[in-house]
Amino acid sequence: MSAHPGPIRAPFWTPGVLVLAFLMAAGAVAVLARFIGGIGYVSNLSTARPWGIWIGIDVASGVALAAGGFTTAFLAHILGRHTYEPVVRPALLTAMLGYTFVVLGLIVDIGRSWAIWKPMIHWNFHSVLFEVAMCVMFYLNVLYIEFIPIVVERFRGRVNLPGPLAALNRPAETLLGLADAILPKIMWIFIIAGVVLSCMHQSSLGSLMLIAPTKLHPLWYTPILPLLFLTSAIAVGYPMVVFETTLATTSLKLDPEMQVLSPLTRFTVVLLGIYLALKIGDMVIRGTYVYLLDGTAQTNAFLAEMILGVLAPWLMLLSPAVRRSRRWLFIACTLIVGGVLLNRVNVFVVAYRPPVSENYYFPSVTEILITVGFIAGLMFLYRFLVNYLPVLNRPGQEVSA
């Protein structure tokens, strides 16, 4: 299939982008308040409940929903299924922005954020969190390196900085030329490294909660929690690609890419089925199904996660008619994305009940503003970058500079 990624050249300051800018500004004010007054000033967190939606959504969910980057890279570049090449660049951009905001979320959540660099120097080989930190750091740099060829393609031979900055034109062209000459020869190293690093820290995020058997609800606490985190991240990779591609192509009036997205979701049927089988099998073996009809907020959240976020979309994707329909495919993939998001929030927030505190946690307005601001910032940057860089596919159309 012919693929011609190129800048969109659509008007940037649309009403939707203005709304994103407003939400970003509100989030920025909340972040400023957090660093001036401290975490306790802006959040409902406490010593008994040291994490909330900043970890459940900004970090854990952000890492999981960025899985489309390594799953599409594995499919297109390692397995050689080049039919899916048109969705690789958008997935890479989503993953790069997702992990960037994961790090920003960590900086907000960590009490002494200025010490975030210390794991690079002070290694703790007995800490799962150390492994997560190092993998996320390395993988974020891998994503930036994988994105460089897109920048080179757009600007090489076209650098024309204005005024006094014109002195940098030649050095910039030299750097772009070096990148164009070197990176294609070694990119396979970064592609493989990205897949390996992703699998390592996706599972390790689940390992973090293995040290809290008395604090986590039995419906979620299990020795195979790392495996469940890994399989759910892999299962949501392609639905996330469908989700963000459909939103982007619809809002920008581009080709819907159904000739790529429909066959892509056939893999999801198998991957999501494996995750569903692991969840049900684990629940049966450990006998935790006895909690399902308790009627508590936790069991209701678990049922919503499993029924709406896993079982229903899996049954939908079994139908070829659903996979061929743009609307129903989007609905099914949105349910999967929402299911994984709910799972991470459930594990880190809903299921977590420390014995020393019976108080329920609910995020403050400022916590919500910061999270919404981060999400708006991610969408804003995505819109900006696809406007000016060759990310989205333009089938059958050569794109001029």
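Here is a yes/no grid of residues against (1) surrounded by fewer than 22 Cβ atoms within 10 Å (Cβ to Cβ); (2) modelled with pLDDT of 90 or more; (3) in contact with a His (Cβ under 8 Å, 6 or more places away or on another chain); (4) among the hydrophobic types (A, V, I, L, M, F, W, C):
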{"residue": "Pro15", "(1), (2), (3), (4)": "yes, yes, no, no"}
{"residue": "Leu18", "(1), (2), (3), (4)": "yes, yes, no, yes"}
{"residue": "Ala25", "(1), (2), (3), (4)": "yes, yes, no, yes"}
{"residue": "Ala28", "(1), (2), (3), (4)": "yes, yes, no, yes"}
{"residue": "Arg49", "(1), (2), (3), (4)": "yes, no, no, no"}
{"residue": "Leu79", "(1), (2), (3), (4)": "yes, no, no, yes"}
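Taking only pairs six or more apart or across chains, which ones have beta-carbon atoms under 9 Å, a first residue in segment 127-140 that is small (Gly, Ala, Ser), and a second residue that is part of a helix (DSSP H, G or I)?
Sorted first by the residue in segment 127-140, then by its partner, the pairs are Ser127/Pro119; Ser127/Ala133; Ala133/Leu106; Ala133/Pro119; Ala133/Met120; Ala133/His201.
State yes or no: is Val159 outside any helix (DSSP H, G or I), touching a residue at least 12 places away in the same chain (Cβ under 8 Å) and surrounded by 11 or more Cβ atoms within 10 Å (Cβ to Cβ)?
Yes: the conditions hold for Val159.
Conditions (1) without any contact (Cβ under 8 Å) to a residue 24 or more places away in the chain; (2) buried (at least 24 other Cβ atoms within 10 Å of the Cβ); (3) aromatic (Phe, Trp, Tyr); (4) closer than 28 Å to Glu367 by Cα, marked per residue:
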position	(1), (2), (3), (4)
Val63	no, yes, no, yes
Phe70	no, yes, yes, no
Glu85	no, no, no, no
Ala95	no, yes, no, yes
Phe101	no, no, yes, yes
Ala115	yes, no, no, yes
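List the pairs whose first member sits in segment 284-296 and is more than 16 Å from Ala351 (Cα to Cα), whose second member is of a type outside the set (D, E, K, R), and whose Cβ atoms are under 7 Å apart, counting only residues at least 6 apart or on separate chains?
Arg286/Thr222
So in segment 376-401, with the set limited to residues that are at pLDDT 90 or above and among the aliphatic types (A, V, I, L, M), which one is nearest to Val102 (Cα to Cα)?
Taking segment 376-401 first, the residues at pLDDT 90 or above are 376-391.
Right, trim to among the aliphatic types (A, V, I, L, M) and you get 376, 378-379, 381, 385-386, 389, 391.
Details: Ala376: 13, Leu378: 10, Met379: 14, Leu381: 15, Leu385: 19, Val386: 21, Leu389: 23, Val391: 22 Å.
Only one residue tops the list, namely Leu378.
Kindly indicate the residue of segment 5-34 that is over 25 Å from the mean Cα position of the chain (by Cα) and in contact (Cβ under 8 Å) with a residue 60 or more places away in the chain and also nearest to Ile150 (Cα to Cα) among those meeting that condition.
Checking each candidate, the answer is Arg9.
Rundown of residues vs (1) farther than 24 Å from Leu335 by Cβ; (2) touching a residue at least 40 places away in the same chain (Cβ under 8 Å); (3) touching a strand residue (DSSP E or B) at 6+ places or on another chain (Cβ under 7 Å), yes/no style:
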{"position": "Asn169", "(1), (2), (3)": "yes, no, no"}
{"position": "Leu176", "(1), (2), (3)": "yes, no, no"}
{"position": "Ile191", "(1), (2), (3)": "yes, yes, no"}
{"position": "Leu197", "(1), (2), (3)": "yes, yes, no"}
{"position": "Gln202", "(1), (2), (3)": "no, yes, no"}
{"position": "His217", "(1), (2), (3)": "no, yes, no"}
{"position": "Gln259", "(1), (2), (3)": "no, yes, no"}
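For segment 381-394, indicate whether the set of residues that are surrounded by fewer than 19 Cβ atoms within 10 Å (Cβ to Cβ), closer than 23 Å to Asp109 by Cβ and over 21 Å from the mean Cα position of the chain (by Cα) is non-empty.
no
From the list Val347, Val310, Val290, exactly one residue is surrounded by 15 or more Cβ atoms within 10 Å (Cβ to Cβ), out of contact with any strand residue (DSSP E or B) (no Cβ under 9 Å at 6 or more places or on another chain) and β-branched (Val, Ile, Thr). Which is it?
Among Val347, Val310, Val290, only Val310 is surrounded by 15 or more Cβ atoms within 10 Å (Cβ to Cβ), out of contact with any strand residue (DSSP E or B) (no Cβ under 9 Å at 6 or more places or on another chain) and β-branched (Val, Ile, Thr).
Please go through segment 248-257 and pick out each residue that is touching a helix residue (DSSP H, G or I) at 6+ places or on another chain (Cβ under 6 Å) and surrounded by fewer than 19 Cβ atoms within 10 Å (Cβ to Cβ).
Pro256
Restricting to segment 342-370, give me the number of residues that are hydrophobic (A, V, I, L, M, F, W, C) and either assigned to a loop (DSSP other than H, G, I, E, B) or farther than 20 Å from Trp220 by Cα (or both).
Of the residues in segment 342-370, 7 are hydrophobic (A, V, I, L, M, F, W, C) and either assigned to a loop (DSSP other than H, G, I, E, B) or farther than 20 Å from Trp220 by Cα (or both).
Is it true that some residue in segment 354-375 is of a type in the set (Gly, Ala, Ser), under 29 Å from Ile150 (Cα atoms) and either touching an Asp or Glu at 6+ places or on another chain (Cβ under 9 Å) or modelled with pLDDT of 95 or more (or both)? Full working, then the answer.
Taking segment 354-375 first, the residues of a type in the set (Gly, Ala, Ser) are 357, 364, 373.
Those left that are additionally under 29 Å from Ile150 (Cα atoms): 373.
Filter once more, so that each one left must be either touching an Asp or Glu at 6+ places or on another chain (Cβ under 9 Å) or modelled with pLDDT of 95 or more (or both): 373.
Within segment 354-375 (the criterion being of a type in the set (Gly, Ala, Ser), under 29 Å from Ile150 (Cα atoms) and either touching an Asp or Glu at 6+ places or on another chain (Cβ under 9 Å) or modelled with pLDDT of 95 or more (or both)), the answer is yes, since at least one residue qualifies.
All but one of (1) crowded, with 16+ Cβ neighbours inside 10 Å; (2) aliphatic (A, V, I, L, M); (3) in contact with a strand residue (DSSP E or B) (Cβ under 9 Å, 6 or more places away or on another chain) hold for Ala212; which doesn't?
Exception for Ala212: condition (1).
Given (1) farther than 30 Å from Thr288 by Cβ; (2) outside any loop (DSSP other than H, G, I, E, B); (3) among the polar types (S, T, N, Q), identify the lone condition not met by Asn124.
(2)
Of the residues Leu219, Leu208, Leu228, which is modelled with pLDDT of 90 or more, in a helix (DSSP H, G or I) and in contact with a helix residue (DSSP H, G or I) (Cβ under 9 Å, 6 or more places away or on another chain)?
Numbers: Leu219 fails: in a helix (DSSP H, G or I); Leu208 fails: modelled with pLDDT of 90 or more.
It is Leu228.
Mind telling me which of the residues Val142, Val108, Val88 ends up being part of a helix (DSSP H, G or I), farther than 28 Å from Thr268 by Cα and at pLDDT 90 or above? Steps first, answer last, please.
Values: Val142 fails: farther than 28 Å from Thr268 by Cα; Val88 fails: farther than 28 Å from Thr268 by Cα.
The unique qualifying residue is Val108.
Restricting attention to segment 285-312, and to residues there that are part of a helix (DSSP H, G or I) and either in contact with a Cys (Cβ under 7 Å, 6 or more places away or on another chain) or more than 22 Å from Ile224 (Cβ to Cβ) (or both), which single residue is modelled with the lowest pLDDT? Step through it out loud before you land on a result.
Taking segment 285-312 and keeping what is part of a helix (DSSP H, G or I), we get 285-286, 288-291, 297-312.
Next, from what is left, pick out any that are either in contact with a Cys (Cβ under 7 Å, 6 or more places away or on another chain) or more than 22 Å from Ile224 (Cβ to Cβ) (or both): 297, 300, 308, 312.
Working: Ala297: 89, Asn300: 94, Leu308: 96, Ala312: 96.
That would be Ala297.
The values are calculated or read from the model by the stated rules, or taken from the named source; none is laboratory data. Only a predicted model underlies this, so the values are computations on that prediction, with no experimental measurement involved. Neighbour counts run over all protein chains shown; Cβ positions are idealised from the backbone, glycine included.
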